[in-house]
1. For region 151-203, rounded, prolate or oblate, judged on the Cα gyration tensor with a ≥ b ≥ c (square roots of eigenvalues), a/c < 1.5 rounded, else prolate if a/b > b/c?
2. Determine the per residue accessible area of the chain with all protein chains present and a 1.4 angstrom probe, expressed in square angstrom.
3. Would you kindly state how much longer the chain becomes between residue 150 and residue 250 on full extension, computed as 0.36 nm times their sequence separation minus their alpha carbon distance, in nm to one decimal?
4. Read phi for every residue in region 310-320 and hand back ³J(HN,Hα) as whole Hz from Karplus 6.51 cos²θ - 1.76 cosθ + 1.60, θ = phi - 60°, with x for Gly and Pro.
5. Percent antiparallel among DSSP beta bridges with both residues in the chain, to the nearest 5?
6. Express the relative contact order of the chain as a whole percentage, based on alpha carbon pairs under 8 Å and six or more residues apart in sequence.
7. For the chain, with a Gaussian network of springs between Cα atoms less than 10 Å apart, report the residue from 60, 190, 170 with the top mean-square fluctuation.
8. Note down the net charge around residue 286, summing +1 for each Lys or Arg and -1 for each Asp or Glu among other residues with Cβ under 11 Å from its Cβ.
Amino acid sequence: MKLFRGKVAVASCLLAAASGFACAEPAAPDYKGKQIRMIVGHPVGNDYDLGGRFLAKYLTKHIAGNPLIVVSNMPAASSVAAANFLYGQAPRDGTVFGSFSRNIPSQALMGQANLKVDPRQYNWLGGTALPGRVCAAWHTAKVRTPADLLKTELIVGGGGSGSSLSILPTVFNHVLGTKFRLVEGYKGTTDTIVAMERGEVEGVCATYGQFRVYEQLIRDGKLRFILRAEESPIPAIPDVPSIYDLAKTDEQRQLMRFVFSSVEFGRPYVLPPDSPPELVVLMRKAFADAVNDPDLVAEAERLKLDMTYRPPGDLTKLVDSLYQTPQSIIDTVKQLVPNIQ
């Protein structure tokens, strides 16, 4: 689909500039009567899916021509399929953009076999949400502080070696010597909290947003947050201590940062590599305008949906920072969590 008559003008303008002549700015791309496909690398109902559909509702208002945005879920291989598609197969004509797991950049650095991307080549549009991760314990558990985990076992639910439920306790145990005991086989946070109520496990580690539907259990004191996985406080629960308080060496901190910095990507969105520069500029502005739209902000607040804006420059810097990680740290992470999802 050819959206941009202005692309010929761009080429002509560059040729004229090289010859010393001035030329007018090309017309902005216009999507009137067009359709854009938003790829979401997660299943329907997942946090990424809900955030993507919510964003699409407002994004169309801020794109010239107000195109119809159709969400297509591509959850295979924990969103690796979506990342590969956006990198190597998606059209470069502005008809397709999308999101995938915030762990994709780390997975690429770790050389995951089925992932065929270089995150530095994506055109990052920005992200939504700043999902701090926490570990919570049932009120009957003996563990109440991060320091308690150095001497007291906490039985937590896991979802497999590469799942988000299992990554935190696995890394904490190997890097800091904590005493989490993983019981695998749970499908997600909801499944694990039900298991906590039944007495099968004592805790769970997940993104903070996953606990918003359990506010009553938290108010009643049945579910307690014992730590956060980030160095910066989570605004909604500023008194919850950081696991970094237990770190004793720079290597320990660096290793945890490599694994946990992924949350700073939020729910990331990209255009494929080699997309026209004028298109990237247009979509980045539309993305920023949509996420800062007062109507979006108000509705997100009512729905308790985190739509915190993550600028594209911040995401690019995060990728660049990850690529500066010493290979020895990456090799250690590959042994601990070989299939980060």
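The values are calculated or read from the model by the stated rules, or taken from the named source; none is laboratory data. All values derive from a computational prediction rather than experimental measurement. Please note: Cβ atoms are built from the backbone with ideal geometry, for glycine as well, and neighbour counts cover all protein chains shown. SASA here: full protein model, heavy atoms, side chains in, ligands and nucleic acids out. Shrake-Rupley method; radii C 1.70, N 1.55, O 1.52, S 1.80 Å.
1. Since a/c reaches 1.5 but b/c is at least a/b, the shape of region 151-203 is classed as oblate.
2. Details: 15550 Å² over 341 residues.
I get 46 Å² per residue for the chain.
3. 34.1 nm
4. Once θ is set to phi - 60°, the couplings for region 310-320 become 10, x, x, x, 5, 5, 4, 5, 4, 4, 4 Hz.
5. Of all bridge pairs located within the chain, approximately 55 percent are antiparallel.
6. In percent, rounded to a whole number, it is 25.
7. In this elastic network of the chain, the residue with the biggest mean-square fluctuation among 60, 190, 170 is 190.
8. Net charge in that neighbourhood comes out at +1.
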